[in-house]
Every structure is written in structure tokens, then in C-alpha cells.
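Since the structure comes first, as C-alpha cells, the remarks are kept for the end.
The values are calculated or read from the model by the stated rules, or taken from the named source; none is laboratory data. For clarity, every value in this text was computed on a predicted model and none was experimentally measured. Heads up, the Cβs are rebuilt from the backbone with ideal geometry, glycines too, and the neighbour counts pull from every protein chain shown. Note: areas computed on protein heavy atoms with side chains; ligands, DNA, RNA excluded. Shrake-Rupley method; radii C 1.70, N 1.55, O 1.52, S 1.80 Å.
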Amino acid sequence: MTKNYIFSNHDTVKLAKKYGTPLYAISEDIIRDNANGIIEAFDKQNIDYEINYAGKAFLNMTMCKIINDLGLSLDVVSGGELFTAYEAGFPMNKVCLHGSNKSISEMKMAIEYNVGKIVVDSEYELKLLNDLCKKAKTKKNVFLRVSPGIEAHTHEYVQTGRVDSKFGIPLKLVKSLFEDNKDLEFVNIIGLHCHIGSQIYDERPFLITSAIMLDLMKELKANGHIINELNLGGGFGIPYLKDDSIFEIEIYLDKLLEAVRNKCKENGLDIPKLIVEPGRYIIGTAGITLYEVGTIKEIPHTRKYVSVDGGMADNPRPALYNALHHAIVANKVNFSEEDEELVTISGKCCETDTLISDILLPNPVAGDILAVLNTGAYNYSMASNYNRLPKPAVVLLKGDKDEVIVERETYEDIVSKDRVPSWYK
Ligand SMILES: Cc1ncc(COP(=O)(O)O)c(C=O)c1O
Ligand SMILES: N[C@@H](CCCC[NH3+])C(=O)O
């Protein structure tokens, strides 16, 4: 029996040796299982729906190919994400452009590429988009992002639907915005959008939000504005630690659809097309990060620091949100619990760069391979070059195949955009 940790049919120690560390390993099989779980749960509901993968969680050309192959649409939030999708040949009519402060050039790019939808975040942006569409002699399908005033129980930094939020149009202002802008000829408001936050386990805030949005749709209808599509955003939580609960998508949809059907009946509305925008749920559990253990320092009677060859540059989540991750010493999976000791995993950045504090691991020593689990979402996509560390490679696993989908950065890449001014030449 192998002593090594197997992830998605692959020996992770062999992967670390083959591709080097730090390494993001992403399983296409798990991505597909996660996405198909949502598709199957929706199919049971017998309604018109769309699953719009939130690219901010993890995006590159290969991910665009996988998302397209799964039949999902794609949410992009920047010119860079849009360009990635375009270059990957992702169908532009299945792209939805988001962003709380889209630049004029990003909006022009979306018009030029003819993306399917644009989610407008403010009245300013609605008017601007109308002008840009007028100049381009085109009309765009638009969603309005509404801030529903909901506080979801998740980290403050990843809550996005509160009253006091930079995202969306405050609920109270939506009706007047419709009235004041009903003459805009080049934007067609077909839907409402909201997103209350990320890493949410409890379906109740989503149910409350749907009721708020359907009440708003009723009020709008009374004023002659019929809305046929409702995007309830993403935010479905995933387990990071062994005892974390699982967001049961089927149970969520059963409850959501019961609530939506009742509310629509009460409000005299047809059931709108429902859109969800999961990022983390699709990619989070599909990724791990492999590191090699280096320096180990024991501070007497205090703490044992186990340092790895990556850190906050490839995973800023613990530093940003006190996020918790589980890890395994990949070359010691069969060690007994008696060999475990309490350690803290530190990164190599010049900061107190804690990746995991206080975790029981089997006697880690230099040269061990550490696998940090469920790092698929918001790790690669938020990686930086802090301390001029090159970003790790991304390797994709499918069945027994493994191939690099993003090359490891080199030191040459790190200096490639540097320019030395004439007075130093
Ligand atoms: C508008 C919007 N949609 C979707 C998402 C995806 O969220 P998650 O990855 O938690 O599903 C986010 C991020 O929170 C978002 O801001
Ligand atoms: N980056 C956050 C989630 C933000 C979601 C995007 N609005 C995380 O790693 O948990």
C-alpha cells in the first residue's frame, strides 16, 4: 500500500517531484463532479435556469474550456478575465460582465466582443453603458445589481449584500432608478442580480434574499417594468476543515424553489429564470497546493514552526480572512496518530506568514511534501509576486493524465516588465 497521499488518482509526492513545488494541482474530474451536482439538482426542479461560473475563483484558458464543455456560462469581472475567455474561444454570448467599477475601456471591450449580458452596478454605469452602446449602434441586455440589505454569516470582508456595501444599487433606490431611466434606448434591463457574500453554509439568507428580490419584482411590475430573470449570485460554502459542514445543493434548491414558487404565486409573478453564480463550490475542493517542508524551528515551550516553500504569495486567504485550511504530510499518510505533533505551518514570506496555525501533523521534517487541501478557489486567482516570488505552476489532473495548464513563473518573468530609466543606463 502506498505511503503517499493520493489526490484524484494521482500520487501527490510524484507530482511534487515531477513539477516542483509549490504546485497547484487541480482535478478536472472533481470540477466536473461539482458542476454536475449543481446541474442535476437544477434539472430536478423543472425550471428555466442558468449556472454562471464565477471566474474570479479560478480562471485561465483551460478553465474556460472546461466550463464551456460543461455547458455553463461564465461570469467575468475585468478586462483581463474577459480577454482570457475571448482568447480561449469561450462563446461570448454566454459571458456576463460584472464589476463594481467597470472602466470605460472594459465596457467598450464587452460591447465589441458582444458579450451576452452586463450586470450594471450603479446608475452612473447604466447611463454610461447606454451612451457607449449608442455610439456603437447596439443594444445590450442588462441586469441591475441590487444590494438587498442582507448580512450573511461569513467573514466581514466577503459579505457583499449588506446595506452598507460598495456593491450594487441600494434596494430602496431601485424603483426610482427604473423610473428615472426608462427612456434609455440602448440598454434593455431584463434581470435583477444580487450576491450576498461568499462561503455561506446556511440556506436561510438565500431564501430571505429571494423573497426580497421577488417583492421588488412585484413593485416594479406594478410600475410596468417586467423582469423575467433573477440572478441570486454565488456564495455556496465548501468544507475546509475535516468537521466543516457541507452545503447541500439539492436541499438548498428544494427549499429555494418552494419559497420562490410560493412567493411568485403570492406576488402574481411568473417564475423567473433563475441564475446562480457559484465559483468556490465548483473549483474549491478540486484543488490542492503542494509544498516542500524546509526549516523547522522549535521555540521552547511555545511553538514549533514548520516552514514551507510558498506562503501568503500563493495563498493570501489565511492572512486576509483568517481562513482555515487542512493539510496532510503527503509522504506520511500511514503514520499513526502517536507520531503526530502540534505545529504551525509558516510560509517563506518576510511577514508572520502563517498558513495554518496549530495543526497535528506526523513528525514533519525537511524534505517532506505538504499538501494543503481545498485550495482550488481564490488561491491561484489571488496569488501575487510578493517578495518577488515566482507564481507556482498549475497542473491539471484528469483520470490518470496530468498536464501543466499554467507554467511556473521564472525569475526572468519577474523582471520582464521592469524598465530602467535612461539616467541609470
Ligand atoms: C457577484 C459575484 N458572483 C459570484 C461570486 C462567487 O462567489 P463564490 O465563489 O463564493 O461562489 C462572487 C464572489 O463572492 C461575486 O462577487
Ligand atoms: N476571495 C474570497 C472570496 C471573495 C469572493 C468574491 N466576491 C475568499 O478567498 O474567500
Worksheet item: Build a GNM of the chain with springs between Cα atoms under 10 Å: which of 148, 22, 318 gets the top mean-square fluctuation?
Response: 318
Response to the item:
If every Lys and Arg gets +1 and every Asp and Glu gets -1 at its Cβ, then about the Cα centre the chain yields a dipole, in debye to the nearest 20, of 1280
Item to complete: Can you pull the one-decimal nm distance between simple spin-label points at residue 103 and residue 204, each 7 Å off the Cα toward Cβ?
Response: 4.3
Fill in: Listed residues 90, 235, 191: farthest to the positive end of the dipole of the range 28-284 (Cβ charges)
191
Worksheet item: Of the accessible area of the range 28-284, with the probe set at 1.4 angstrom, what percent is carbon plus sulfur?
Response: 48
Fill in: Total formal charge among the other residues, if their Cβ is under 11 angstrom from that of residue 304, Lys/Arg +1 and Asp/Glu -1
-1
Worksheet item: Based solely on its DSSP helices, what 222 nm [θ] is calculated for the chain when runs of n ≥ 4 H residues each add -39,500 (n - 2.57) and the sum is averaged over all residues, nearest 500 deg cm²/dmol?
Response: -8500 deg cm²/dmol
Fill in: GNM flexibility winner over the chain from 225, 301, 325 (Cα, springs under 10 Å)
301
Worksheet entry | Cα-derived Rg to Rh of the chain, Kirkwood definition | 1.01
Worksheet item: Taking every DSSP beta bridge that has both residues in the range 28-284, what percent is antiparallel when rounded to the nearest 5?
Response: 5
Practice prompt. Can you tell me the FRET efficiency between residue 335 and residue 18 if r is taken as the Cβ-Cβ distance and R0 is 30 Å, rounded to the nearest 0.05?
Written response: 0.80
Fill in: Solvent-accessible ranking of 102, 137, 18, largest area first, probe 1.4 Å
137, 18, 102
Discussion item. With a 1.4 Å probe and all protein chains left in place, how much accessible area per residue does the range 45-200 have, in Å²?
Written reply: 44
Item to complete: Would you give the gap between the C-alpha center of the range 59-105 and the C-alpha center of the range 212-276, rounded to a whole Å?
Response: 24
Worksheet item: Given the Cα-Cα distance of residue 3 and residue 352 and 0.36 nm per residue of separation, how much length would full extension add, in nm?
Response: 122.5 nm
Practice prompt. Could you compute the FRET efficiency for residue 39 and residue 424, with r as their C-beta to C-beta distance and R0 at 60 Å, rounded to 0.05?
Written response: 0.60
Worksheet item: Out of 232, 74, 360, any idea which swings most in a Gaussian network model of the chain, alpha carbons joined below 10 Å?
Response: 360
Worksheet item: Which value, in debye to the nearest 20, gives the size of the charge dipole of the range 220-361 about its Cα centre, when Lys and Arg are +1 and Asp and Glu are -1 at the Cβ?
Response: 660
Worksheet entry | Chain lengthening between residue 128 and residue 295 when straightened (0.36 nm per residue, less Cα-Cα) | 54.7 nm
Fill in: In the range 182-284, lysine pairs with alpha-carbon atoms under 21 angstrom apart (chain gap of 8 or more, or interchain)
14
Fill in: Dipole of the chain, positive end: most advanced residue of 363, 291, 336 [Cβ charges, Cα centre]
291
Worksheet entry | In nm, spacing of pseudo-spin labels at residue 303 and residue 113 (7 Å Cα→C-beta vector) | 4.2
Discussion item. For the pair residue 137/residue 245, report the inter-label distance in nm, with labels modelled 7 Å from Cα in the Cβ direction.
Written reply: 5.7
Worksheet entry | Dipole of the chain, positive direction: furthest Cα of 272, 380, 423, with charges on the beta-carbon | 423
